[in-house]
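Right, one structure below, let's go through it.
Nothing in this text is a laboratory measurement; each read-out follows from the coordinates by a stated rule. Given the structure is predicted, the values throughout are model-derived calculations rather than measurements. No Cβ is skipped: glycine too gets one built from the backbone with ideal geometry, and neighbour counts run over all protein chains shown.
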Amino acid sequence: MLNNAVAVSPAFSLGRRAMRAWIWTLQNALPPALTTALLLLIWQIAFSQPGASLPTPSIVWSESKDLILQPFYWAGSQDIGLGWRILTSLQRVAVGFGLAAIAGIAIGALIGQSIWAMRGLDPIFQVLRTVPPLAWLPISLAAFRDANPSAIFVIFITSIWPILINTAVGIRNVPQDYRNVAAVLRLNTLELFFKVMLPSAAPYIFTGLRIGIGLSWLAIVAAEMLTGGVGIGFFIWDAWNSSKLPDIVVALVYIGVVGFVLDRLVSAAGRFVTRSATP
């Protein structure tokens, strides 16, 4: 009897895991899939008449299926797949967002820790953060005289503000009990920051990072439309000038999927870090 029970246990466990996976699929994957199918059907019906202003999903597939099925083809410096264009844009986002994260966390920690720094810098930052991203592009082009660093600067100046502000709020909200314990343990400034302040403020910081990565992706697409190059933004602008609306639709789907993935990656990193963030 005991041997039979032991022999059945792994199969039973495997069955439970399969059931949980099936339930997860029904609860999380099926609703958006059905919603997407319904929206595609409505889109197909709404624009199926001759002379419609937008292409239907079937036209998008028939005219742009090479873009969908071959994202990494290469036939020249400009005749490349959307995958390569996305990677070019992501390289710029990585540099601009990385610099914004470093500067935003450092300056935000200073503002959150020092009342005088907050009084001196906060009004200036509140003014600068309301400037639209593309308004910085002419200034950056004049300063850097090159499209690539100009686009990176636009990403930086767009994404730094939510990181900076959320970091400052997180540092200000560090419980006084943590500070008292740090004083009793005679922690120096660096130890206080890395062992107490930073872990306690981690949820706020990652909220800012999550907002910042989304703004970075929005900014680079808009900036590339004006600066040119091989990024996804310039591809959309070039397709518009060539009256290739199906290609634009495909590019928009790529942009949305990449933005979703970036958001989920930062969110997952935040959950991993903040799981043990309490000092």
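Quick notes on this one:
- Correct option for Rg/Rh (Cα atoms, Kirkwood Rh) [calculated from the coordinates] among (i) 0.95; (ii) 1.10; (iii) 1.14: (ii)
- GNM on the chain, alpha-carbon springs under 10 angstrom: the most fluctuating residue among G76, G120, G170 is G76.
- Fully extended contour minus Cα-Cα distance, from L54 to D146, at 0.36 nm per residue: 29.6 nm
- Karplus-derived 3J(HN,Hα) values for the range 243-256, using 6.51 cos²θ - 1.76 cosθ + 1.60 with θ = phi - 60°, are 6, 9, 4, x, 5, 5, 4, 4, 4, 5, 5, 4, 4, x Hz; glycine and proline are entered as x.
- Put simply, when 143-150, 204-211, 179-186 are sorted by average Cβ atoms within 10 angstrom per residue, most first, you get 204-211, 143-150, 179-186.
- Highest-first arrangement of 152-159, 44-51, where packing means the average Cβ count within 10 Å: 152-159, 44-51
- Label-point gap, in nm, between M118 and W240 - each point 7 angstrom along Cα→Cβ: 4.2
- The order of M197, M225, going from fewest to most other C-beta atoms within 10 Å of their C-beta, is M225, M197.
- At most 15 other Cβ within 10 Å, DSSP loop - trypsin sites (Lys or Arg not before Pro), the range 64-134: R129
- Those residues of the range 44-74 whose amide nitrogen sits under 18 Å from the label point placed on L252, 7 Å along Cα→Cβ: 44-49, 51-65, 67-68
- For the residues L252, L69, L90, a GNM of the chain with alpha-carbon springs under 10 Å puts the largest fluctuation on L69.
- Backbone HN-Hα couplings from phi across the range 260-272 [Karplus 6.51/-1.76/1.60, Hz, Gly and Pro as x]: 4, 5, 4, 4, 5, 5, 5, 5, 5, 4, x, 5, 5
- Phi-derived couplings, Karplus 6.51 cos²θ - 1.76 cosθ + 1.60 at θ = phi - 60°, listed residue by residue for the range 50-65: x, x, 5, 6, 10, x, 7, x, 5, 5, 4, 5, 5, 8, 10, 5 Hz, with x used for Gly and Pro.
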